[in-house]
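Worksheet: the structure to be examined is printed underneath.
The values are calculated or read from the model by the stated rules, or taken from the named source; none is laboratory data. Everything numeric in this text was worked out from a predicted model, so none of it was measured. Note: ideal-geometry Cβ built from the backbone for every residue, glycine included; neighbour counts use all protein chains shown.
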Amino acid sequence: MELEFASQALFADAALLAIYFYGEDQSCEQIRASQPRPTSILGPYRANLDDAGRQSGIVFRVDAVPVGTYTVFVDALDLNGGLVGTGCSPGQRVLERDVAAIKVTIQDS
């Protein structure tokens, strides 16, 4: 899964990524408008961002995603748990033991 940031400033502010897998019936707009986030099918998975991760990027892998179509949603949080940005990628297909390349771009919240 490729997670990228729309701006370097946003990337510098983020300390943690929370990654959710929703059903294809959930739209990015519905998820983004809900606080707290609605219950997801899988997750939230957490990926910490440290200085090394900010320099070279992070690899995020989940091996136990069942076959299906998902809306993948990401919250970028600062050290205090404040929301600094979100990203969403609808229509992501997972086939047996293969995942279509999932790319999520995180924008300012």
Check your understanding: Is at least one residue of the range 4-18 of a type in the set (D, E, K, R), in contact (Cβ under 8 Å) with a residue 24 or more places away in the chain, assigned to a strand (DSSP E or B) and surrounded by fewer than 16 Cβ atoms within 10 Å (Cβ to Cβ)?
Key -> yes
Review point. Is one or more of the residues making up the range 55-66 modelled with pLDDT of 85 or more, in contact with a strand residue (DSSP E or B) (Cβ under 8 Å, 6 or more places away or on another chain), loosely packed, with under 11 Cβ neighbours inside 10 Å and part of a loop (DSSP other than H, G, I, E, B)?
Key: yes
**Study point:** Condition met for VAL74 (β-branched (Val, Ile, Thr), within 18 Å of THR105 (Cα to Cα) and within 12 Å of the chain's Cα centre (by Cα))
**Key:** yes
**Study point:** Scope the range 85-96; condition farther than 18 Å from TYR45 by Cβ and either in contact with a Lys or Arg (Cβ under 7 Å, 6 or more places away or on another chain) or modelled with pLDDT under 90 (or both); matching residues
**Key:** ARG93, LEU95, GLU96
Review point. In this structure, is THR86 surrounded by fewer than 15 Cβ atoms within 10 Å (Cβ to Cβ), assigned to a strand (DSSP E or B) and touching a residue at least 24 places away in the same chain (Cβ under 8 Å)?
Key: no
